[in-house]
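Written out below as structure tokens is the structure these notes cover.
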Protein chains: 2
Amino acid sequence: MNDTITTMHAHRSIRQYGPDPIPREHIEIAVRAGQSAATSSAVQAYTAIHVTDPDKLSELAELAGPQEKVEKCGAFFVVCADTRRHRLMCERANLPYESTLERFLVGVIDATLFAQNMTLALESMGYGTCYIGGLRNDLERVDRILDLPEGIYPLYGLCAGTKAQHPIARPRLPIESILHTNGYPSDEDTMNAVGSYDETYAQYLEDRGAPRASWSEAMVSKLSRRSREELADYFTRKGASLT
Amino acid sequence: MNDTITTMHAHRSIRQYGPDPIPREHIEIAVRAGQSAATSSAVQAYTAIHVTDPDKLSELAELAGPQEKVEKCGAFFVVCADTRRHRLMCERANLPYESTLERFLVGVIDATLFAQNMTLALESMGYGTCYIGGLRNDLERVDRILDLPEGIYPLYGLCAGTKAQHPIARPRLPIESILHTNGYPSDEDTMNAVGSYDETYAQYLEDRGAPRASWSEAMVSKLSRRSREELADYFTRKGASLT
């Protein structure tokens, strides 16, 4: 087990941070590490917006939950898929930028390869991190707060900072649920693996002092409800094509 | 610069591999490292299919380009967003699985956080890697080759293996194109940063012995053409909702 893999296993989402901001130098190291991840045909379809304005942070913290950590962490970023540069270059060349689902997907994938390297780089420097999917509660408002132009698609936030908590690790599905050979397992095998994990997960919640629930119960409660139904309209208005 | 960040900067997409397969033990280490990445509300919406069957590898290599490395690397994986488990758990509970764009996006993001950790773990063990977006040339065929059930969305491939080449690093956009504060820069600033990078990129191609082209030229040539227009139909047939 080398240092890189040890750093990965040490990952915990950190929800309480000390008051110190992250020095700009460390932020730049993390962003450059993010940029060194693979990118589809060199498109580099991503951008990170470091939010430092207290009013903007306060609004983002509110719409994301509220989640106090958005304004209380050492540095908060909004990670976006970025097709703005591509559009401007096409415009300059008098050619259309052809917006397709493929290009939207490449943006989401590219941005997330970038973000995971950036996150792991921050963790390797000793910082805690937490992705903030809660920004998708109201992307229209995120857009207004940051005054985003066409072609920029905000995806999620990223909190980072000095850790003020040391939570236990949340257990993951058994590897036989994730790694398959030449195809996907039968429904019976899939659900058998879930069954063994359900108990592990319930025990984890109990150990953490949270109400006991199996993974299935937690997932069904979440996934049987509709959520964030305005995403497609928002991304389409920003120039994405999803069909 | 610690080992983790050094490993990130050492990334090159590797397109030629030695003949040795990757030992199962190393594959499992990489998959577990992938699983230790963050996951949205513990949904773990991803799956990796290790393709070892020579006929399947040959078909995948063909549809992806052709790209010989798909069958000649040490291990080839198809990375998928996985909502199958979620659907089966909802079915067992007699509740609907509510398919939304949010859930599709979470799958793409979760799978990519997983894949980037897995990739970096492989690289930290000395292997070369290359993502294969070319699978999206024909996802219907990928689907048939792997006999994928509803709710599994193949996204891209991942080659890994011993390196049989040592390419120079492809330069990235200047950090001022990627890291912004409180908002997105003006179009003028955006295009000025592109201008300086265009020259760097053309020089890189020349140093690599490829035809000289600026980044803008390469991007415009690619992005002004439509591509992979059947993706939305395919994902929708597999149970995704994109609207």
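The values are calculated or read from the model by the stated rules, or taken from the named source; none is laboratory data. Here the structure is a predicted model, which means the values were calculated and not measured. A quick note on method: Cβ atoms are made from the backbone with ideal geometry, for glycine too, and the neighbour counts reach across all protein chains shown. With ligands, DNA and RNA removed, areas are computed over all heavy atoms of the protein, side chains included. Shrake-Rupley method; radii C 1.70, N 1.55, O 1.52, S 1.80 Å.
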Any residue that is within 17 Å of B:Ala93 (Cβ to Cβ) and among the basic types (Lys, Arg) - is there at least one of those in the stretch A:224-233?
yes
Residue count for the stretch B:122-174, restricted to those that are within 24 Å of B:Ser214 (Cα to Cα) and touching a residue at least 12 places away in the same chain (Cβ under 8 Å)
13
With the checklist (1) open to solvent by 30 Å² or more (accessible area, probe 1.4 Å); (2) in contact with a helix residue (DSSP H, G or I) (Cβ under 8 Å, 6 or more places away or on another chain); (3) of a type in the set (S, T, N, Q); (4) farther than 20 Å from A:Ser13 by Cα in hand, flag the one item A:Ser196 doesn't pass.
(2)
Report those helices (runs of 4 or more DSSP H) wholly inside the stretch B:1-119 carrying at least 3 residues which are farther than 26 Å from A:Gly126 by Cα.
B:24-35, B:54-63, B:69-72, B:84-92
The residue from A:Gly107, A:Gly134, A:Gly126 that alone is open to solvent by less than 20 Å² (accessible area, probe 1.4 Å), more than 30 Å from A:Ala193 (Cβ to Cβ), more than 7 Å from chain B (Cβ to nearest Cβ) and small (Gly, Ala, Ser) is A:Gly107
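Yes/no per residue for (1) in a loop (DSSP other than H, G, I, E, B); (2) hydroxyl-bearing (Ser, Thr, Tyr):
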| site | (1), (2) |
| --- | --- |
| A:Lys222 | no, no |
| A:Glu229 | yes, no |
| A:Asp233 | no, no |
| A:Ser241 | yes, yes |
Of the conditions (1) of a type in the set (A, V, I, L, M); (2) under 26 Å from B:Arg15 (Cβ atoms); (3) facing chain A (nearest Cβ under 7 Å); (4) touching a Ser or Thr at 6+ places or on another chain (Cβ under 9 Å), B:Ala232 clears all except one; give me its number.
(2)
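When the residues of the stretch B:215-228 are narrowed to those that are charged (D, E, K, R) and free of Cβ contacts under 8 Å to residues at least 40 places away in the same chain, which ends up least open to solvent (accessible area, probe 1.4 Å)?
Of the residues in the stretch B:215-228, the ones charged (D, E, K, R) are B:217, B:222, B:225-226, B:228.
After this cut, where a residue has to be free of Cβ contacts under 8 Å to residues at least 40 places away in the same chain as well, the list is B:217, B:222, B:225-226.
Working: B:Glu217: 111, B:Lys222: 73, B:Arg225: 142, B:Arg226: 109 Å².
Checked the stretch B:215-228; the qualifying residue least open to solvent (accessible area, probe 1.4 Å) is B:Lys222.
I want to confirm something. Restricting to the stretch A:45-67 and keeping residues that are of a type in the set (S, T, N, Q) and touching a strand residue (DSSP E or B) at 6+ places or on another chain (Cβ under 8 Å), which single residue is surrounded by the most Cβ atoms within 10 Å (Cβ to Cβ)? Give the steps one after another, and end with the answer.
Quick first cut of the stretch A:45-67, residues of a type in the set (S, T, N, Q) only: A:47, A:52, A:58, A:67.
Then keep just the ones that are touching a strand residue (DSSP E or B) at 6+ places or on another chain (Cβ under 8 Å); that gives A:47, A:52, A:67.
On the way: A:Thr47: 29, A:Thr52: 12, A:Gln67: 21.
Only one residue tops the list, namely A:Thr47.
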Kindly list the number of the only condition in (1) without any contact (Cβ under 8 Å) to a residue 24 or more places away in the chain; (2) within 11 Å of chain A (Cβ to nearest Cβ); (3) in contact with a helix residue (DSSP H, G or I) (Cβ under 6 Å, 6 or more places away or on another chain) that fails for B:Arg212.
(2)
Tabulated pairs, the stretch B:188-205, first β-branched (Val, Ile, Thr), second open to solvent by 20 Å² or more (accessible area, probe 1.4 Å), C-beta under 6 angstrom, 6+ apart or interchain
B:Thr200/B:Pro171
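For the stretch A:156-191, which positions are among the small types (Gly, Ala, Ser) and part of a loop (DSSP other than H, G, I, E, B)? Even if it seems obvious, please write down each step before you answer.
Just the residues of the stretch A:156-191 that are among the small types (Gly, Ala, Ser), to begin with: A:157, A:160-161, A:164, A:169, A:177, A:183, A:186.
The answer is A:Ala164, A:Ala169, A:Gly183, A:Ser186.
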